[in-house]
Structures are given as C-alpha cells and as structure tokens.
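Notes follow once the structure below has been shown.
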Amino acid sequence: MNISSPPPATATPRLSLTDQQHLIDKLEVFKIQGRDKHGQKVLRIVGKFFPARRVSNEAVNNYLEEKIFPNLGERPFSVVYLHTDVNRSGNFPGISTLRSIYDAIPITLKDRLQAVYFVHPGLQARLFLATFGRLLFKSGLCKKLKYVKRLEFLWDQVRRNEVEVPEFVYDHDEELEYRPMMDYGLESDHPRPRVYVAPCTSSTSMMDSSFVSMYSMRCIA
C-alpha cells in the first residue's frame, strides 16, 4: 500500500496546543495499522512527516496519550519506524523530544512492546543511537531495536498488505539497490559528499543471527 509524501513544511508561527495536535493527526505521523507476523498490532511512525519545528513536546505527548496509547490495547505490539529522509534541520525531533516521548510512555506499554523495526537507519543514525542510546533509553528498549536495511526484510516480520508505506520510502529503497554504499555513509545522496567517522566500538556491527540483513542494536555501556 503506497501513500504520498506531504508537501514540505514552511516556517510559520508556533500553533496553539490544540492545533499542533491536529497537525500531528493530519500528517499521520503516528498510526496504528496492520499486524506483524505474530498477529500483534503495529504502530507505524513516519519520521519524515514529523513537524519538528512546529510542535512542542507537550503537544506530542498529549497526542500520544489521547490518540495512540489507549488504542494499542492490552496485548503485545510492535513499532515500525520509517527513518527515510529524516534530517536534523527539518524533521528530526531532537534529543530532548525523544527523551520526553520515551519518559511519557506508560511502563505497561514499554513492557508489551516486542520490537522496534528501524527502517533505513543510515550510518549517522546508528552512530547516534550507539553513542547516546544508553543515555536516552533504558537497555530493555535498546535490545528490542532492530535495524532493517531494506523493505523486503521488513515484510519478513510485518504483514505487507496491512501497513501503508509512503512512495518516497520505496523510491529510496530502490536507490539503495543501485547505490549500496549509501548504507554505510560512503556514498551520499546529498550534493555535497559527507564523511562519517566510525566510533571505536563494535556496537553498531552486532549481527542478529536470525537473518542477515536485520540486526539488533546494542547500546554502549
């Protein structure tokens, strides 16, 4: 199932708290949709859609508490996070927002969360999580985080026809097939080339023995 990308956000004055929540809902940043291969609900999050410069931590947390958390039910669930085209200047929520969202999740939901499938992580995101993951999140969440390099491997875990994926995610996935070094930061899809320096820890290279192209992230101690 394909959906289109929303128009690019423009600089506008901060909205009221209610309007911020309406914006999050309209953009469908967070959406409970479909089930994984174990029959568990899936919370789909589209990182590119997140209006980071237009919403506050309070608005995000209120929206999740009112619209998302109650509808996850009392059973285990999984999260599919689409990181495609997320960038620091436009739609990356920032460390304080990530920590605020995590702290606002009820402990019962954290316990029922089975896996977070992180699609198209890129080297920069992996290094960020390997470096700051332990500071931001508990180790239990780190163990549930699984990197997914290609959509084809996501469908091994999630029912394909039940989860909407924006067209730009498919486009990026196809581009990676022809430019595989983009996965490792050695080739950039930006006009100016970027160089990423790998840390002196092997935490980002830990492979999951269940399948080759998906692996769990181990936060550094």
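Data overview
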quantity	calculated
Members of the range 28-41 that are under 24 Å from residue 93 (Cα atoms) and open to solvent by less than 40 Å² (accessible area, probe 1.4 Å)	29, 30, 33
Any pair with Cβ under 9 angstrom, 6 or more apart, that starts in the range 107-121 at a residue that is in contact (Cβ under 8 Å) with a residue 12 or more places away in the chain and under 12 Å from residue 140 (Cα atoms) and ends at one that is surrounded by 14 or more Cβ atoms within 10 Å (Cβ to Cβ) and charged (D, E, K, R)	113/144; 114/36; 114/144; 115/36; 115/144; 115/146; 116/144; 116/146
Tally, over the range 103-118, of residues that are part of a strand (DSSP E or B) and open to solvent by less than 50 Å² (accessible area, probe 1.4 Å)	5
Verdict on residue 44 being part of a strand (DSSP E or B), open to solvent by 60 Å² or more (accessible area, probe 1.4 Å), under 24 Å from residue 149 (Cα atoms) and not β-branched (Val, Ile, Thr)	no
Residue in the range 65-82 that is open to solvent by 30 Å² or more (accessible area, probe 1.4 Å), on the phi > 0 side of the Ramachandran plot and assigned to a loop (DSSP other than H, G, I, E, B) present	no
Residues located in the range 83-102, provided they are touching a residue at least 40 places away in the same chain (Cβ under 8 Å), open to solvent by 10 Å² or more (accessible area, probe 1.4 Å) and of a type in the set (Val, Ile, Thr)	95, 97, 101
Residue 90 at pLDDT below 90 and on the phi > 0 side of the Ramachandran plot	no
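The values are calculated or read from the model by the stated rules, or taken from the named source; none is laboratory data. Keep in mind it's a predicted model, so treat the numbers as computed, not measured. Every residue, glycine as well, gets a Cβ built from its backbone with ideal geometry; the counts of neighbours run over all protein chains shown. What goes into the accessible areas is simple: the full protein's heavy atoms, side chains included, and nothing from ligands, DNA or RNA. Shrake-Rupley method; radii C 1.70, N 1.55, O 1.52, S 1.80 Å.
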